[in-house]
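Below is one structure, written out as structure tokens; the observations come after it.
Derivation of every value follows stated rules applied to the coordinates shown; laboratory data play no part. In this text the structure is predicted, and so the values were computed from the model without any measurement. Here the Cβ positions follow ideal geometry from the backbone for every residue, glycine too, while neighbour counts run over all protein chains shown.
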Amino acid sequence: MASSDSPSDFDWDTWPDLESVDGSSPAPAASSRAATQQPTPDGRLPLLRLMDWDASRTYDEQPPTCIHYHLEWKLTVNNRSVSKDSEPDLVLAPGDYWDLTLRSKLNYVAAKKLAPNKSFKPDDTTVIVSVRDRSEEDLVKRFDDLDIEWDVVETQLRTWSGLFRAGKRLKISVSFNYVETGPAAGSGGRRGTKRSATQRMLAERDAEIEDDRDRTGQVPVWEQVYSLMRCPGPPCDLGPHCWVDDHGWRRA
């Protein structure tokens, strides 16, 4: 006699795990994976590890089921800012995010922003972990090269998970500082030296403009002057910069 139970009535959670055809254990079910995202016995929210993270998911549950944090990072050369970026509302653990995404982003920006005629190397990395709560002090850590101890950072985020659940924003600020080690291999020659000097001056100018913007929050006067004096091009051939005198003539 056929069973009257329908598939929807069957209690799948009580059915024992079966081995696969090749004898190996099956992959964890979605319910098992979700269990790792629940608060720990002491009430702390978890950080998602790569094996638990779903890139297509928004993780906007209320109340939250995992820690969210904001990441700001910048590249500096000799402690002068060259580039900066931010990654809002991350849930993947910082160490996994570094391995998966941030390291490659840093390498790309360094290759694009640092002068190609010089050699650079990472000198140190400063990490600041903070929470928007006046009663809590920031955690500030310095690491040699790019050898960041992400476990220390992640432990602090877990410590503040209760504050995050109460509505306080968590933030990680990372500064990757590079230093110049000398000319790039194969660079040389008089023409190359002249070009190198120009590139160096432009890089130094960009760094000073970026510093002014960071300090004042406004567009630096230098940038406005360079924009005003930039040569418009043909029919003017005085570039790259020129100015118009009282008679309407362009001067170099």
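Ordering Arg215, Arg103, Arg158 from the fewest to the most neighbouring beta carbons within 10 Å gives Arg215, Arg103, Arg158. When Ile148, Ile209 are arranged by Cβ crowding within 10 Å, least crowded first, meaning fewest neighbours, the order is Ile209, Ile148. Modelled this way, with points 7 Å down the Cα-to-C-beta line, the labels at Glu208 and Arg57 are 5.1 nm from one another. Normalised by the number of residues in segment 69-183, the average gap of Cα pairs under 8 Å and 6 or more apart makes the relative contact order 41 percent. A convex hull fitted around the alpha carbon atoms of segment 69-183 yields 94 Å³ per residue. By other beta-carbon atoms within 10 Å, ranking Lys121, Lys105 with the fewest at the front produces Lys121, Lys105.
Counted over segment 69-183, the DSSP beta bridges are approximately 75% antiparallel.
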